[in-house]
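The values are calculated or read from the model by the stated rules, or taken from the named source; none is laboratory data. The structure presented is a predicted model; accordingly, all values stated were derived computationally and were not measured. We place every Cβ from the backbone using ideal geometry, glycine too, and count neighbours over all the protein chains shown. We work out accessible area using only protein heavy atoms, side chains counted, and drop any ligands, DNA or RNA first. Shrake-Rupley method; radii C 1.70, N 1.55, O 1.52, S 1.80 Å.
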Amino acid sequence: MRIEKKFKEISIKDRSALITYVTAGDPSLDVTPDIVFKLEESGADIVELGVPFSDPMADGPAIQLASERALESGTTLHGVLDTVRKVRMHSEIPILLFGYYNPFYAYGLRKLAEDAREVGADGILVVDLPPEEAEEVKVHTDNEGLDLVFLLAPTSTTERIKLVSDHASGFVYLVSVTGVTGERPNFDYSLDSIIKEIRTYIKLPVGIGFGVSSPLQAKKIAGMADAVIVGSSIVRLIEKHRNNKRKLFGELSEFVRGLSQACIKQELKHKDMKIM
Amino acid sequence: METKLKYPDEMGRFGKYGGRYVSETLMPALLELEEAYFETKDDPEFIEELDYYLSEYAGRPTPLYFAERMTRDLGGAKIYLKREDLAHTGAHKINNTLGQALLASRMRKGRVIAETGAGQHGVATATVAALLKMECEIFMGLEDTKRQAINVFRMKLLGAKVNEVNSGTKTLKDAMNEAMRDWITNVGNTFYMIGSVAGPHPYPMMVRDFQSIIGKEAKEQIMDKEGRLPDLLIACVGGGSNAMGLFYPFIEDKKVKMIGVEAAGYGLGTGKHAASITAGEVGVLHGSKTYILQNSDGQVTGTHSIAAGLDYPGVGPEHSLLNDSKRVTYTAVEDDEALEAFKFLSQIEGIIPALETAHGLAYSMKIAPKMSKDSIIIICLSGRGDKDIHSVADVLG
């Protein structure tokens with residue numbers, strides 16, 4: 001519910017939501033709540049909390065390494081849920097658990113949904129769970145009132161957009177490129193037609209992620225989507241400054257503030273879209 | 001429980017196993033592949049073309065060799081070896097890569113990628129890519145490029161680019177992660193040739209179908225030689241493609257027992273092994289639900305086997321079903337036993353088997369002496385062992 005509420009709040013402000021991703025437990029679960037608070041304070045509207053996995057098949061180097069660091073620091077799904085509870089004591093920011101299927105499956109799907117709701121998480125996104133395989137999860141997330149967020153990609157056909165529309169809640173996550181997660185200097189903005197198609201069939205907000213790494217890119221995305229999703233470049237900051245908290249929080253704050261500013265919608269002229 | 005030839009279902013599931021657990025970016029590609037495969041597999045032109053290459057290029061049918069000396073030495077069941085080591089490139093892997101490459105060229109994909117553990121599938125992929133003039137990139141764990149250096153050289157010689165994978169455990173599972181990442185990125189022009197009966201649907205079905213030539217031939221050959229079906233089939237199981245290839249055509253012959261032999265590494269008790277069915281739990285890895293080796297938190301654990309091709313924490317989903325339905329029995333043998341079998345077959349029959357294959361042989365050495373002299377075992381001799389000479393020399397000194 002927090003996710004829906006947040007999007008409503010934002011839509012009247014004429015801006016896009018800023019969704020930030022961090023891998024829980026990177027560099028350690030002790031630090032994760034403070035990172036989340038810092039993200040929120042700097043303008044993040046929703047947080048995706050990555051559940052680390054040994055085999056992150058859809059991730060580029062930045063998030064692969066973050067996953068490794070998190071696992072090395074002893075992060076488990078139990079620990080991640082505990083961390084959500086700690087965040088929830090001080091913050092109402094919507095939290096989406098973001099991960100691969102096996103750790104969720106091993107935890108037990110019913111128990112996962114129950115515990116996730118109980119600690120105050122708002123939804124789950126499973127990278128390797130297309131709608132065809134989602135029934136065994138959805139029955140539990142629905143029961144607990146959690147959003148189950150699905151991905152769409154530039155390769156998605158009309159049929160698949162319709163299929164996602166039957167299953168999705170919260171928002172839809174449009175992957176901007178055919179590729180793994182990670183920053184990209186050149187960004188392909190030719191998403192107009194797929195966004196138009198998504199909007200035809202899906203009434204939920206649309207967020208765009210994968211490869212968004214600068215305020216300039218965020219601004220372009222904000223011009224076409226309801227949410228801008230940024231992950232790898234935040235994860236890189238954590239990687240770089242993980243041994244110096246003050247520096248880390250300073251840099252995070254500055255970077256996220258810049259992104260948040262960029263999420264204010266403005267009329268984009270067509271020629272601007274082509275500059276990149 | 002009944003096991004009929006009805007799997008997978010339309011969702012790509014083998015009972016509760018299999019499926020398509022992949023990121024959305026790949027779903028359209030898997031659906032396209034499934035459709036292309038269904039359109040192609042029964043096309044007489046495709047069948048003729050594949051048959052042509054299988055016989056003229058790969059050297060099929062491979063012999064079903066009566067291992068008379070081995071039989072005499074073990075003193076029990078008659079042992080036949082299905083000589084996949086004599087197929088072009090030295091292993092059964094070519095059966096599958098020829099099929100997939102011909103399909104890829106019909107789908108007008110100019111670039112093929114593959115993961116490889118022991119390098120056998122990588123070599124078989126690089127070979128067909130050279131044959132059909134396709135661009136080829138192979139992903140191989142750094143650990144494996146060291147212990148299978150000869151195969152790395154072969155792949156390069158064949159014109160493939162070999163990418164050393166330095167992430168995670170630096171073995172087959174990480175090579176597969178990296179191949180998946182490449183496929184996600186280049187899905188438009190790239191055909192991913194999975195080398196085992198693993199991965200998301202339609203791979204487990206498609207690879208099984210292409211490898212079933214092993215069992216079809218073996219069935220005809222044993223009928224010719226013995227006038228009856230065998231009592232027991234034995235094959236090693238990593239991902240499980242040679243085993244599935246041998247077993248599948250016999251599935252409905254209820255009297256034929258089947259044993260899949262996994263890698264017990266240093267011993268199942270040590271935690272350093274690769275016996276996914278024997279010692280694993282149900283989970284989801286590389287696109288399908290199946291038995292995998294994992295910890296209680298759902299993290300996939302590192303594996304160990306002396307045989308790089310078995311050093312994988314998962315197994316094809318159909319094997320998981322065949323295990324649960326008890327149609328196939330799965331067991332595991334340790335590195336040392338496989339090494340013994342490696343030496344044994346080399347010396348008694350003058351055939352140097354792959355270390356993977358040696359696992360199946362090792363189990364047959366245990367069970368054959370306990371069987372009557374008129375019983376028949378067929379072992380899938382899935383590959384030859386030239387590639388393993390260095391690692392065996394390291395261990396045996």
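I want to confirm something. Restricting to the stretch A:68-99 and keeping residues that are of a type in the set (Ser, Thr, Tyr) and open to solvent by less than 10 Å² (accessible area, probe 1.4 Å), which single residue is nearest to the other protein chains (Cβ to nearest Cβ)? Steps first, please.
Keep residues of the stretch A:68-99 that are of a type in the set (Ser, Thr, Tyr), which gives A:73, A:75-76, A:83, A:91.
Pick out the ones that are also open to solvent by less than 10 Å² (accessible area, probe 1.4 Å) and you get A:75, A:83, A:91.
Values: A:75: 9, A:83: 15, A:91: 26 Å.
Here the answer is A:75.
If you take the residues of the stretch A:166-189 that are of a type in the set (Ser, Thr, Tyr) and at pLDDT below 95, which of them is farthest from residue A:130 (Cα to Cα)?
Result: A:189.
Which residue is farthest from the other protein chains (Cβ to nearest Cβ), if the candidates are limited to the stretch A:1-58 and must be small (Gly, Ala, Ser) and within 16 Å of residue A:209 (Cβ to Cβ)? Walk me through it before giving the result.
Going through the stretch A:1-58, the residues small (Gly, Ala, Ser) turn out to be A:11, A:16-17, A:24-25, A:28, A:42-44, A:50, A:54, A:58.
Now narrow it down to the ones that are within 16 Å of residue A:209 (Cβ to Cβ): A:16-17, A:44, A:50, A:58.
Values: A:16: 21, A:17: 21, A:44: 24, A:50: 14, A:58: 4 Å.
For the stretch A:1-58, the residue satisfying everything is A:44.
Taking the stretch A:23-40 as the search range and keeping residues that are over 22 Å from residue A:125 (Cα atoms) and among the charged types (D, E, K, R), which one is surrounded by the most Cβ atoms within 10 Å (Cβ to Cβ)?
Checking each candidate, the answer is A:38.
If the requirement is being over 16 Å from residue B:243 (Cα atoms) and open to solvent by 40 Å² or more (accessible area, probe 1.4 Å), which of these qualifies: B:325, B:346, B:372?
Details: B:325 fails: open to solvent by 40 Å² or more (accessible area, probe 1.4 Å); B:346 fails: open to solvent by 40 Å² or more (accessible area, probe 1.4 Å).
Result: B:372 is the single residue among B:325, B:346, B:372 that is over 16 Å from residue B:243 (Cα atoms) and open to solvent by 40 Å² or more (accessible area, probe 1.4 Å).
Restricting to the stretch B:249-266, and then to whatever is touching a residue at least 60 places away in the same chain (Cβ under 8 Å) and not in a strand (DSSP E or B), can you tell me which residue is most open to solvent (accessible area, probe 1.4 Å)?
We begin by selecting, within the stretch B:249-266, every residue touching a residue at least 60 places away in the same chain (Cβ under 8 Å); these are B:251-252, B:257-266.
Checking which are not in a strand (DSSP E or B) leaves us with B:251-252, B:266.
Details: B:251: 4, B:252: 89, B:266: 132 Å².
The selected residue is B:266.
Just to be sure, is residue A:82 under 18 Å from residue B:296 (Cα atoms) and either of a type in the set (D, E, K, R) or touching a helix residue (DSSP H, G or I) at 6+ places or on another chain (Cβ under 9 Å) (or both)?
On the way: under 18 Å from residue B:296 (Cα atoms): yes; either of a type in the set (D, E, K, R) or touching a helix residue (DSSP H, G or I) at 6+ places or on another chain (Cβ under 9 Å) (or both): yes.
Yes, satisfied.
Are there any pairs, at least 6 apart or on different chains, whose C-beta atoms fall under 8 Å, with the first in the stretch B:19-33 and closer than 21 Å to residue B:107 by Cα and within 7 Å of chain A (Cβ to nearest Cβ) and the second surrounded by fewer than 22 Cβ atoms within 10 Å (Cβ to Cβ) and basic (Lys, Arg), and if so, which?
B:24/A:160; B:27/A:160; B:28/A:160
Table: residues versus (1) farther than 17 Å from residue B:62 by Cβ; (2) touching a Phe, Trp or Tyr at 6+ places or on another chain (Cβ under 8 Å).
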| site | (1), (2) |
| --- | --- |
| B:213 | no, no |
| B:220 | no, no |
| B:224 | no, no |
| B:243 | no, no |
| B:246 | no, no |
| B:251 | yes, no |
| B:262 | yes, yes |
| B:267 | yes, no |
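Among the residues of the stretch B:349-369 satisfying the criterion of being among the small types (Gly, Ala, Ser) and in a loop (DSSP other than H, G, I, E, B), which is surrounded by the fewest Cβ atoms within 10 Å (Cβ to Cβ)? Talk me through it step by step, then tell me what you get.
We begin by selecting, within the stretch B:349-369, every residue among the small types (Gly, Ala, Ser); these are B:350, B:354, B:358, B:360, B:362, B:364, B:368.
The next check asks that each one be in a loop (DSSP other than H, G, I, E, B); those that pass are B:350, B:354.
Working: B:350: 8, B:354: 30.
It comes out as B:350.
Can you name the number of the only condition in (1) assigned to a strand (DSSP E or B); (2) within 14 Å of chain A (Cβ to nearest Cβ); (3) surrounded by 24 or more Cβ atoms within 10 Å (Cβ to Cβ); (4) touching a strand residue (DSSP E or B) at 6+ places or on another chain (Cβ under 7 Å) that residue B:313 fails?
Here residue B:313 meets the rest and fails (1).
I'd like to check something: does the stretch A:116-138 contain any residue that is modelled with pLDDT of 95 or more, in a loop (DSSP other than H, G, I, E, B) and touching a Ser or Thr at 6+ places or on another chain (Cβ under 6 Å)?
Start the filter on the stretch A:116-138 by keeping residues that are modelled with pLDDT of 95 or more, which leaves A:116-138.
Right, trim to in a loop (DSSP other than H, G, I, E, B) and you get A:120-122, A:127-130, A:134.
Restricting the remaining residues to those that are touching a Ser or Thr at 6+ places or on another chain (Cβ under 6 Å) gives A:127-128.
Yes; the residues of the stretch A:116-138 include at least one that is modelled with pLDDT of 95 or more, in a loop (DSSP other than H, G, I, E, B) and touching a Ser or Thr at 6+ places or on another chain (Cβ under 6 Å).
Restricting the stretch A:100-119 to residues that are open to solvent by 10 Å² or more (accessible area, probe 1.4 Å) and of a type in the set (Gly, Ala, Ser), which is farthest from the other protein chains (Cβ to nearest Cβ)?
By that ranking, first place goes to A:108.
Determine the pairs where a residue that is within 17 Å of residue B:16 (Cβ to Cβ), located within the stretch A:132-145, has a partner that is open to solvent by less than 30 Å² (accessible area, probe 1.4 Å) and assigned to a loop (DSSP other than H, G, I, E, B) with Cβ atoms under 6 Å apart, the partner being 6 or more residues away or on another chain.
Partner pairs satisfying both residue conditions: A:133/B:19; A:133/B:21.
Give the residues of the stretch B:280-310 that are part of a loop (DSSP other than H, G, I, E, B), within 10 Å of another protein chain (Cβ to nearest Cβ), touching a residue at least 40 places away in the same chain (Cβ under 8 Å) and within 29 Å of residue B:387 (Cα to Cα), sorted by residue number.
B:286, B:302
Applying the selection to the stretch B:213-248, what residues are crowded, with 19+ Cβ neighbours inside 10 Å and outside any helix (DSSP H, G or I)?
Those that are crowded, with 19+ Cβ neighbours inside 10 Å and outside any helix (DSSP H, G or I): B:230, B:232, B:233, B:234, B:235, B:236, B:237, B:238, B:239, B:240.
Which of the residues belonging to the stretch B:175-212 are in contact with a strand residue (DSSP E or B) (Cβ under 7 Å, 6 or more places away or on another chain), within 22 Å of residue B:320 (Cβ to Cβ) and either at the interface with chain A (Cβ under 9 Å from one of its Cβ atoms) or in a loop (DSSP other than H, G, I, E, B) (or both)?
B:176, B:195, B:198, B:199, B:200, B:201 - these are the residues of the stretch B:175-212 that are in contact with a strand residue (DSSP E or B) (Cβ under 7 Å, 6 or more places away or on another chain), within 22 Å of residue B:320 (Cβ to Cβ) and either at the interface with chain A (Cβ under 9 Å from one of its Cβ atoms) or in a loop (DSSP other than H, G, I, E, B) (or both).
From the list B:306, B:292, exactly one residue is open to solvent by 10 Å² or more (accessible area, probe 1.4 Å) and of a type in the set (A, V, I, L, M, F, W, C). Which is it?
Checking each option against the conditions leaves just B:306.
Please name all residue pairs, on different chains or six or more residues apart, with Cβ atoms under 6 Å, provided the first residue is in the stretch A:103-114 and is in contact (Cβ under 8 Å) with a residue 60 or more places away in the chain and the second residue is hydroxyl-bearing (Ser, Thr, Tyr).
Taking only residues 6 or more apart or on different chains, not a single pair turns up.
Restricting attention to the stretch B:331-343, which residues are over 24 Å from residue B:176 (Cα atoms) and either touching a Cys at 6+ places or on another chain (Cβ under 6 Å) or surrounded by fewer than 24 Cβ atoms within 10 Å (Cβ to Cβ) (or both)?
Scanning the stretch B:331-343 gives B:331, B:334, B:336, B:337, B:339, B:340, B:341, B:343.
Residue A:99 passes all but one of (1) within 19 Å of the chain's Cα centre (by Cα); (2) touching a residue at least 40 places away in the same chain (Cβ under 8 Å); (3) over 23 Å from residue B:292 (Cβ atoms); which number fails?
The one condition residue A:99 does not meet is (3).
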